[in-house]
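S.K.: Take a look at this one; I'll ask things after.
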Amino acid sequence: MGRRRRRRPDPADAARALPEAIAALSRTLPAAPSPEIFRRAKFDRPEAAPALWRLLFRVLSPLPADGALASLALEAQARWVKSALRSQGYPRRALVQLPDEGSQGGRELLLALAWLLARGPLPERLLTQSHVRLGDEMPVCEALASPGLPAPGVEAEGCVDIRHLQWLTGKLRLRWRNLMAGQQEQCALLGKIHSYTRGCHSDRSLGHLSVTETELLRDPEGGRQLLQLLETENARLEAALEWRRRELVFWQWMDTVLDACSPEDSPPMFLPRIPEPEAGVAGLLARELQALQEELREAAEARRAAWQATVGGHGPEWRAARRALQAAVAQDLAALQRSWEQDEGRARPHGPHRLVRTEARVPGGPGLRAAEVTEALRAREACLEAVLCQLQGQCRQELARLAGARPGLIWVPPPTR
């Protein structure tokens, strides 16, 4: 099963510690599902499925699940969760086979939540997304400076209405302009607040107030709501610390959940290995890397054998497709290498960062400069423009092929901007 058996504690102590561990985990998650939901999900009770579908939707959603997102039907949330987990490489196929109405699959959803917990510090990431922002922050992602590969093309089924595509393009362009106008207006208002409140902050490294702090001066009663939010966040932080202390008990309980699955429905699923006191971190990482390399090698060999069996020969078409694929891979690797060489020895911007206004020719404190963010954005823009030119070239080749196949038609290209 890809799991390593660990020494189990006393059953009586585990029975007392398990509800406390699950309760601590629950308090760190959005919507705070009760520990009873986890217990019922272990036995695949149908009443646990709707709560876990909503929980996974809140966990996987990159934006706060309020407003339009919170009003989505359970069926739409279930489809979105399936798509998000599949795009992240979730290995179990049983989750995709669950019905979309959200009334079944409590155990599978519990395994999916455990898989997300095993991939990384999920409670910490959720706390970072929902923490109370006292300052004016700007989210900066380190992916800005690294080019990404173009998204794979999706073949449309049936005919495509060009007029509908043009309408969607115009709608997207209009919304993009509205977004840019809103961002510029927000930046102008932030600049005015930072300028008018210069010298009002007790911290000299900041020098000015933020929007939240300015609102507290205008409406002191809002401080009570802010205090309640801070108390709620503090309780979640304490729950996260307690969860880390009791995490081992939860993973030992998840072993029993995996044992409850039938062998045919339980493909290899790797849970995190918690090191023994005498084991070093380097040795643990080496064993994990070796196991992953072996798994990758086996998967690659099986995929290569299936692909060669599907191709069924090495004709001229196969060689041409192989050369085109190798050229595309080499081009992407060269773009990645150029990007990393340009950014070598320089820290990548990662946020969020608090916005602090500084005067010209005045040395600022430690932090990220606006010029560094601008440079990272320009590098990302250049990468996206290169990908756009590549896609436009592919479209031109496809149009030329279609024009050659239909000599009786006249192709009118769209006007250039």
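S.K.: Pro352 - would you say it is at pLDDT below 75, open to solvent by 80 Å² or more (accessible area, probe 1.4 Å) and not charged (D, E, K, R)?
M.R.: no
S.K.: Follow-up. So if I check each of Leu206, Leu144, Leu165, which one is at pLDDT 80 or above and either surrounded by 14 or more Cβ atoms within 10 Å (Cβ to Cβ) or not assigned by the TED database to the domain that holds Cys395 (or both)?
M.R.: None of the others qualify; the one that does is Leu165.
S.K.: Can you find a residue in the range 225-243 that is farther than 17 Å from Leu127 by Cβ, open to solvent by less than 80 Å² (accessible area, probe 1.4 Å) and in a helix (DSSP H, G or I)?
M.R.: Yes, the range 225-243 contains at least one residue that is farther than 17 Å from Leu127 by Cβ, open to solvent by less than 80 Å² (accessible area, probe 1.4 Å) and in a helix (DSSP H, G or I).
S.K.: Here are some conditions: (1) touching a Lys or Arg at 6+ places or on another chain (Cβ under 8 Å); (2) more than 21 Å from Lys82 (Cα to Cα); (3) at pLDDT below 90. Ala24 meets all but one. Which one does it not meet?
M.R.: Here Ala24 meets the rest and fails (3).
S.K.: Next question, about the same structure. Do you know which of the residues in the range 30-44 that are out of contact with any helix residue (DSSP H, G or I) (no Cβ under 6 Å at 6 or more places or on another chain) and of a type outside the set (Ser, Thr, Tyr) is least open to solvent (accessible area, probe 1.4 Å)?
M.R.: Looking at the filtered set, the residue picked out is Glu36.
S.K.: List the residue pairs whose Cβ atoms are under 8 Å apart, where the first residue sits in the range 379-406 and is in contact (Cβ under 8 Å) with a residue 12 or more places away in the chain, the second is among the hydroxyl-bearing types (Ser, Thr, Tyr), and the two are 6 or more positions apart or on different chains.
M.R.: Ala379/Ser339; Cys383/Ser339
S.K.: When the range 207-241 is examined, which residues are found to be within 25 Å of the chain's Cα centre (by Cα) and of a type in the set (Asp, Glu)?
M.R.: Correct list: Glu233, Glu238.
S.K.: Quickly run through the range 70-98 and pick out the residues that are open to solvent by less than 70 Å² (accessible area, probe 1.4 Å) and either in contact with a strand residue (DSSP E or B) (Cβ under 9 Å, 6 or more places away or on another chain) or closer than 14 Å to Leu109 by Cβ (or both).
M.R.: Leu74, Gln77, Ala78, Val81, Lys82, Ala84, Leu85, Tyr90, Arg92, Ala94, Leu95, Leu98, listed by residue number.
S.K.: Right, another one. Identify the residue in the range 99-117 that is charged (D, E, K, R) and within 23 Å of Thr256 (Cα to Cα) and, among all such residues, is surrounded by the most Cβ atoms within 10 Å (Cβ to Cβ).
M.R.: The qualifying residue surrounded by the most Cβ atoms within 10 Å (Cβ to Cβ) is Arg107.
The values are calculated or read from the model by the stated rules, or taken from the named source; none is laboratory data. These numbers come from a predicted model, not from an experiment. Here Cβ is always computed from backbone atoms with ideal geometry, including for glycine, and neighbour counts include all displayed protein chains. Just so you know, the surface numbers come from the protein's heavy atoms only, side chains and all, with ligands and any DNA or RNA stripped out. Shrake-Rupley method; radii C 1.70, N 1.55, O 1.52, S 1.80 Å.
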